[in-house]
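Report on the following structure.
Computed from the coordinates by the stated procedures, all read-outs in this text should not be read as laboratory data. From a predicted model like this one, the values you see are computed outputs, not experimental measurements. Because the Cβ atoms are built from the backbone with ideal geometry, glycine has one as well, and the counts that use them run over all protein chains shown.
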Amino acid sequence: MDEGIYDKRWEQKFILPEQRVALLNRKREVQKIEKPILDEYQLEEIARTICEAMESNSVLVISVYRDGFIEEVTGHVHYIDEVKQRLHVKDLKGDTNFTVLDCIVSVRLYE
């Protein structure tokens, strides 16, 4: 028997909105990852890259861990708030993003 026909025969034709939301939430929960643990060498490399970019006003691509996913923020590091342990990053659109230092996964120069 053809697998394509078999799958379509048992496929659900009607789905309630609540079921759809629950299935999408479940799919999102399954795709989440754990926060990566960085060693001291990686932390020093991140700090060095940020400092060099601030000196030369270079654009950085900062990978940030948020809610189980890794997001990328592209922009200039405007200010490092040592008291609150966060970066003020002005992205390419001109918006200011506040990034907690503990959530940074990687930093690289924008090409």
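The Kirkwood hydrodynamic radius of the stretch 40-109, based on inverse pair distances between different Cα atoms, is 12.0 Å. Pick out, from Ser63, Phe98, Gln85, the residue whose Cα sits farthest towards the positive end of the charge dipole of the stretch 40-109, with +1 on the Cβ of Lys and Arg and -1 on the Cβ of Asp and Glu. Projecting each Cα onto the dipole axis, the largest value belongs to Phe98. Relative to the dominant Cα principal axis of the chain, helix 17-31 is inclined by about 50°. Residue-wise HN-Hα couplings along the stretch 77-85, as the Karplus relation 6.51 cos²θ - 1.76 cosθ + 1.60 with θ = phi - 60° gives them from phi, are 6, 8, 7, 10, 8, 6, 6, 8, 6 Hz; Gly and Pro carry x.
Between helix 40-56 and the chain there is an angle of about 60 degrees, using the helix long axis and the longest principal axis of the Cα atoms.
Here the sum of -39500 (n - 2.57) over DSSP H runs of 4 or more residues, divided by the residues of the chain, equals -11500 deg cm²/dmol at 222 nm, to the nearest 500. Each label was represented as a point 7 Å from its Cα along the Cα-to-Cβ direction; for Tyr79 and Asp95 these points are 1.9 nm apart.
For the stretch 47-102, trypsin sites (Lys or Arg not before Pro) meeting the loop criterion (DSSP other than H, G, I, E, B) and having at most 13 other Cβ atoms within 10 Å: Lys84, Lys93.
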